[in-house]
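Presented below is the structure to which this report refers.
The values are calculated or read from the model by the stated rules, or taken from the named source; none is laboratory data. Here the structure is a predicted model, which is why all the values come from computation and not from measurement. Quick reminder, even Gly has a Cβ in these numbers, built from the backbone with ideal geometry, and neighbours come from all protein chains shown.
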2 protein chains.
Amino acid sequence: MLVKKLKERFEELDGKEIMLQGWVRTNRNSKKLGFIELNDGTTFSNVQIVYLDDLDNYKEVSKITLGSAIEVKGIVKVTPEGKQPFEIQASSIDVLGASDHDYPLQKKRHSFEYMREIPHVRPRANTYYAMFRLRSVLSMAIHRFFQDRGFVYVHTPEITGNDAEGAGEVFTVTTRCDGKYEEDFFQKHAQLTVSGQLHVEPFALTYRNVYTFGPTFRAENSNTTRHASEFWMIEPEMAFADLSDDMDVIEDMIKYCIRYVLENASEEMAFFEKMIDHDCITRVKKVADSKFERMSYTEAIEHLKAAKDQFENQDIFWGMDLQSEHERYLCEQVVKGPVFLTDYPKEIKAFYMRLNDDGKTVAACDLLVPYVGELVGGSQREERYDLLVSRMQEMGMELEGLQWYLDLRRFGGCKHSGFGLGFDRMLMYLSGVQNIRDVQPYPRTPRNLIF
Amino acid sequence: MLVKKLKERFEELDGKEIMLQGWVRTNRNSKKLGFIELNDGTTFSNVQIVYLDDLDNYKEVSKITLGSAIEVKGIVKVTPEGKQPFEIQASSIDVLGASDHDYPLQKKRHSFEYMREIPHVRPRANTYYAMFRLRSVLSMAIHRFFQDRGFVYVHTPEITGNDAEGAGEVFTVTTRCDGKYEEDFFQKHAQLTVSGQLHVEPFALTYRNVYTFGPTFRAENSNTTRHASEFWMIEPEMAFADLSDDMDVIEDMIKYCIRYVLENASEEMAFFEKMIDHDCITRVKKVADSKFERMSYTEAIEHLKAAKDQFENQDIFWGMDLQSEHERYLCEQVVKGPVFLTDYPKEIKAFYMRLNDDGKTVAACDLLVPYVGELVGGSQREERYDLLVSRMQEMGMELEGLQWYLDLRRFGGCKHSGFGLGFDRMLMYLSGVQNIRDVQPYPRTPRNLIF
């Protein structure tokens, strides 16, 4: 029986015999009596197994090591007076797979750094055990949100020949080691995608509402707590939608995700609140209940100028790229809640964003939230062929490789908008976990590739 | 208003004015009257727009080209006598984005080969339009099936340092062009994953039931209709499960997916039945209603020997790798339905499969289905450390890089099983589409990398 089912039905099972399989989280005992905390992977919390010296193999059982896989038969006993609502009184306990003396997890608390060296074992430690289920639950929240609203899920490619995007450093994909790409597998230079956006736009111009959810890659040599070389992105794209529609969807999505994980990963979120970030449930609930404000970049700069004394970077001017301290000030001090900054100077944004009538700013938005700053970035896309060409030329981009992308503007192109959500950063935001290496099953960062 | 909503509510909207946006699929007209078939991406079938010469811009409207984006205001009119249950009588039609004279889709039927050159436009052609929605619907079927059963979704890595798996040719991931991998981004050789299975096993030994669903890669230089260099795989893995449990889950999953797409992509499946494969709905329904048989490889060889005259490859012997014609004969002629072949000779299967007591075969299964042959491959994994080590040595594998994988057998390892489903092949199976290049948004194959 799965522990999840047992927990749902323990009252009606009182006095009945059941069989459980799982892994030993603790085993303590005296000469006559022992307790095993068993976890079978189906719920965050353990089940208590009580065993007595009437077991044939009591001596063996009393020595079962942490992490061992066991099979337990026993009677369910409801314990209204106990710390847990029920326990299992064992009639037999068999070891299915022992854990050796060099099992890397012991009862003491291990450092995050130590854990990152053992990605094959750390999912069994509480923080990771909670995190990787949260990861699964949040994935499903994303899919449900978009599918319930009729969005079509598109698998944009991981390998691409688009060299032109210019979103930082990229990984080359090759079967050679001499750089002769014209003789390579694809007969040209191939790289790992940095974003699915350009590839998904044709699908928005077909299905109206679409989204991607898949891996993306950056070969940036930056060792920060927020950057990984491989990470998952969600990139929705909507035809006939302007920037305001875009922000409506972002707001709905964030609120939906928060409510979904609070409901479907409640034990995990309670763990994070207790052990990682004492404010995390309150914090995200507040966001789910807020109206997200909207403020232009230009207005934001005025606020920052007025408060510049409190920043490390005090050189505040129109045209600057905001830093984390500025973003956090705006949402935490000025708005005191989530805020969309809109209409950024075109110079600090991507080539495909729609030029506003002022000729200086583009129809972009960044969602800033208390505690982390930027969580989502979006924009209305430039649907006007000539303006898009001029912007690309202005930025010194080669048009040839992106002619197909330009052509979308000649083939029934229309107003459209979209955004990108870094899935791993959303997990950090929800849990309060501070390092992206601790929200990914096998993090890949510069000079770090374990297994 | 979205066409999907309109179709659900057209009766109550009879006589009301509505606004639609979408793309023109056909536009035909006389001097006084015109008809536009409009599609807004939310349903497979179009909406008929009727317009009269009382429109101010009748002349302009009558010239609107295929593929143009338009906005229509008009009155819903229920037409019980018509081919379609309702139509829209236009009061205004505005062009949002015209389609140029060189728009690559015209009313005639284009070849698959032509379409593969224009992946940015082909989603608008019926076959692809049906396919890429089916792709989205089937993705959701997979997620729902596993999440409803408590399986945890794991994002196994795309970039891996495991050189040892030996599943054919791999792509190198690099930021250099001189092959000096020790000075490379990860300070060692990195490659794109060929399977998430080894990486997901630690999670099954934590959460009991888990699954992956993500891209995988093969650098094989094989130009067939069934191989792509990038494709999506589903790899579930279950602790405390033997081969029989594994087959139970495979059978449930396949049946669930079939029923889900018949219900949620009914227009698309009807299109495939009409235009691509006149038997596809009957065929997959029959599978959903069948009991999947189970037959040992050894028994299968006897059946094949008895019928060897009808094969191209008539050299039938115990130990051979079955070919497609053999697999199809077994399910189509012998069993007349889906069948699991089990217990294959160890020499033709992967190193991690569990050795049976006969010492010759392993606890593997392939699901064969009529029309395509093999659809799913699975196995119970070798959980016995010593036996796994001997098998790897027998096969000449280096143990060092996979010591972590071996160690799982020392750290509370237990009986576990899993399988792999090629997502793209499942789409081919459901739709009857014959080439993997026509089920993927941007197919990547040798010497072929478009955009």
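Listed here are the residues, each with its yes/no results for (1) over 30 Å from B:LEU330 (Cα atoms); (2) of a type in the set (A, V, I, L, M).
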{"site": "B:LEU367", "(1), (2)": "no, yes"}
{"site": "B:GLY377", "(1), (2)": "no, no"}
{"site": "B:GLY396", "(1), (2)": "yes, no"}
{"site": "B:TRP404", "(1), (2)": "yes, no"}
{"site": "B:ASP407", "(1), (2)": "yes, no"}
{"site": "B:PHE411", "(1), (2)": "yes, no"}
Check: Would you call A:GLU268 touching a Lys or Arg at 6+ places or on another chain (Cβ under 7 Å), more than 29 Å from A:VAL362 (Cβ to Cβ) and not aliphatic (A, V, I, L, M)?
Finding: yes
Notebook entry, point to check: So which residues in segment A:141-160 are surrounded by 21 or more Cβ atoms within 10 Å (Cβ to Cβ), at the interface with chain B (Cβ under 7 Å from one of its Cβ atoms) and not β-branched (Val, Ile, Thr), if there are any at all?
Noted result: A:HIS143, A:TYR153, A:HIS155, A:PRO157, A:GLU158
Note to self: Out of everything in segment B:210-227 that is in contact with a helix residue (DSSP H, G or I) (Cβ under 8 Å, 6 or more places away or on another chain) and surrounded by fewer than 24 Cβ atoms within 10 Å (Cβ to Cβ), what residue ends up being modelled with the highest pLDDT?
What the structure shows: B:PHE213
Note to self: If I ask for residues that are over 12 Å from the mean Cα position of the chain (by Cα) and of a type in the set (A, V, I, L, M, F, W, C), which ones from segment A:418-451 would you list?
What the structure shows: A:PHE419, A:LEU449, A:ILE450, A:PHE451
Note to self: Take the conditions more than 30 Å from B:ASN435 (Cβ to Cβ), in the same structural domain as B:GLU251 (by the TED database) and free of Cβ contacts under 8 Å to residues at least 40 places away in the same chain and apply them to B:ALA306. Does it pass?
What the structure shows: yes
Note to self: Is it the case, given these coordinates, that A:VAL339 is among the aliphatic types (A, V, I, L, M), more than 14 Å from every other protein chain (Cβ to nearest Cβ) and either in contact with a Leu (Cβ under 8 Å, 6 or more places away or on another chain) or free of Cβ contacts under 8 Å to residues at least 24 places away in the same chain (or both)?
What the structure shows: yes
Next item on the list: Would you point out which residue out of B:ILE250, B:ILE234, B:ILE254 is of a type in the set (A, V, I, L, M), part of a strand (DSSP E or B), in contact (Cβ under 8 Å) with a residue 60 or more places away in the chain and more than 8 Å from every other protein chain (Cβ to nearest Cβ)?
Entry: B:ILE234
Next item on the list: Please identify the pairs in which a residue from segment A:436-451 that is more than 8 Å from chain B (Cβ to nearest Cβ) has its Cβ atom under 6 Å from the Cβ atom of a residue that is of a type outside the set (Ser, Thr, Tyr) and part of a loop (DSSP other than H, G, I, E, B), counting only partners at least 6 apart or on another chain.
Entry: A:ILE436/A:ARG226; A:ILE436/A:ALA228; A:ARG437/A:PRO443; A:VAL439/A:VAL433; A:PRO443/A:ALA228; A:THR445/A:ALA228
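This table checks each residue for (1) charged (D, E, K, R); (2) surrounded by 15 or more Cβ atoms within 10 Å (Cβ to Cβ); (3) part of a helix (DSSP H, G or I).
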| site | (1), (2), (3) |
| --- | --- |
| B:HIS303 | no, yes, yes |
| B:ASP309 | yes, no, yes |
| B:PHE317 | no, no, no |
| B:ASP321 | yes, no, no |
| B:GLU325 | yes, no, yes |
| B:ARG328 | yes, yes, yes |
| B:VAL334 | no, yes, yes |
| B:GLY337 | no, yes, no |
Note to self: With the structure loaded, tell me whether B:TYR58 is in contact with a Leu (Cβ under 9 Å, 6 or more places away or on another chain), more than 16 Å from A:PHE240 (Cβ to Cβ), surrounded by fewer than 21 Cβ atoms within 10 Å (Cβ to Cβ) and hydroxyl-bearing (Ser, Thr, Tyr) or whether it fails that test.
What the structure shows: yes
Next item on the list: Tell me which of these A:LYS83 doesn't satisfy, since it passes every other one: (1) basic (Lys, Arg); (2) assigned to a loop (DSSP other than H, G, I, E, B); (3) in contact with a strand residue (DSSP E or B) (Cβ under 8 Å, 6 or more places away or on another chain).
Entry: (3)
Margin query: Let me spell it out: the conditions are (1) assigned to a loop (DSSP other than H, G, I, E, B); (2) of a type outside the set (Lys, Arg); (3) closer than 30 Å to B:ASP386 by Cβ; (4) within 32 Å of the chain's Cα centre (by Cα), and A:THR42 meets all of them except one. Which number is the exception?
Written below: (3)
Next item on the list: Please find, among B:GLU394, B:GLU382, the residue that is under 31 Å from the mean Cα position of the chain (by Cα) and either at pLDDT 95 or above or farther than 28 Å from B:ILE281 by Cα (or both).
Entry: B:GLU382
Check: Among the residues of segment A:364-373, is any within 12 Å of chain B (Cβ to nearest Cβ), surrounded by fewer than 24 Cβ atoms within 10 Å (Cβ to Cβ) and either in a loop (DSSP other than H, G, I, E, B) or out of contact with any Gly (no Cβ under 6 Å at 6 or more places or on another chain) (or both)?
Finding: no
Check: Of all residues in segment A:179-219, which are within 7 Å of another protein chain (Cβ to nearest Cβ) and in a loop (DSSP other than H, G, I, E, B)?
Finding: A:GLY179, A:PHE185, A:PHE186, A:GLN187, A:LYS188, A:ARG208, A:ALA219
Check: Take the residues of segment A:1-24 that are more than 18 Å from B:ASN209 (Cα to Cα) and touching a residue at least 12 places away in the same chain (Cβ under 8 Å): which is farthest from the other protein chains (Cβ to nearest Cβ)?
Finding: A:GLY15
Notebook entry, point to check: What are the residues in segment B:115-126 that are surrounded by fewer than 21 Cβ atoms within 10 Å (Cβ to Cβ) and either out of contact with any Pro (no Cβ under 8 Å at 6 or more places or on another chain) or at the interface with chain A (Cβ under 7 Å from one of its Cβ atoms) (or both), if any?
Noted result: B:MET115, B:GLU117, B:ALA125, B:ASN126
Next item on the list: Scan (1) within 14 Å of another protein chain (Cβ to nearest Cβ); (2) buried (at least 21 other Cβ atoms within 10 Å of the Cβ); (3) of a type outside the set (Ser, Thr, Tyr) for the single condition B:VAL76 breaks and write down its number.
Entry: (1)
Check: Looking at segment A:103-116, is at least one residue farther than 26 Å from B:ASP148 by Cα, free of Cβ contacts under 8 Å to residues at least 12 places away in the same chain, basic (Lys, Arg) and not assigned by the TED database to the domain that holds A:GLU251?
Finding: yes
Item checked: Residues satisfying the stated conditions in segment A:167-178, i.e. surrounded by fewer than 16 Cβ atoms within 10 Å (Cβ to Cβ) and either within 9 Å of chain B (Cβ to nearest Cβ) or at pLDDT 85 or above (or both) -> A:GLU169, A:ARG176, A:CYS177, A:ASP178
Notebook entry, point to check: Hey, among A:LEU387, A:LEU406, which residue is surrounded by fewer than 21 Cβ atoms within 10 Å (Cβ to Cβ), in the same structural domain as A:THR342 (by the TED database) and touching a helix residue (DSSP H, G or I) at 6+ places or on another chain (Cβ under 8 Å)?
Noted result: A:LEU406
Check: Quick check: is even one residue across segment B:351-358 within 14 Å of chain A (Cβ to nearest Cβ) and free of Cβ contacts under 8 Å to residues at least 24 places away in the same chain?
Finding: no
Notebook entry, point to check: Counting only residues that are under 27 Å from B:GLU17 (Cα atoms) and more than 8 Å from chain A (Cβ to nearest Cβ), how many does segment B:92-109 have?
Noted result: 4
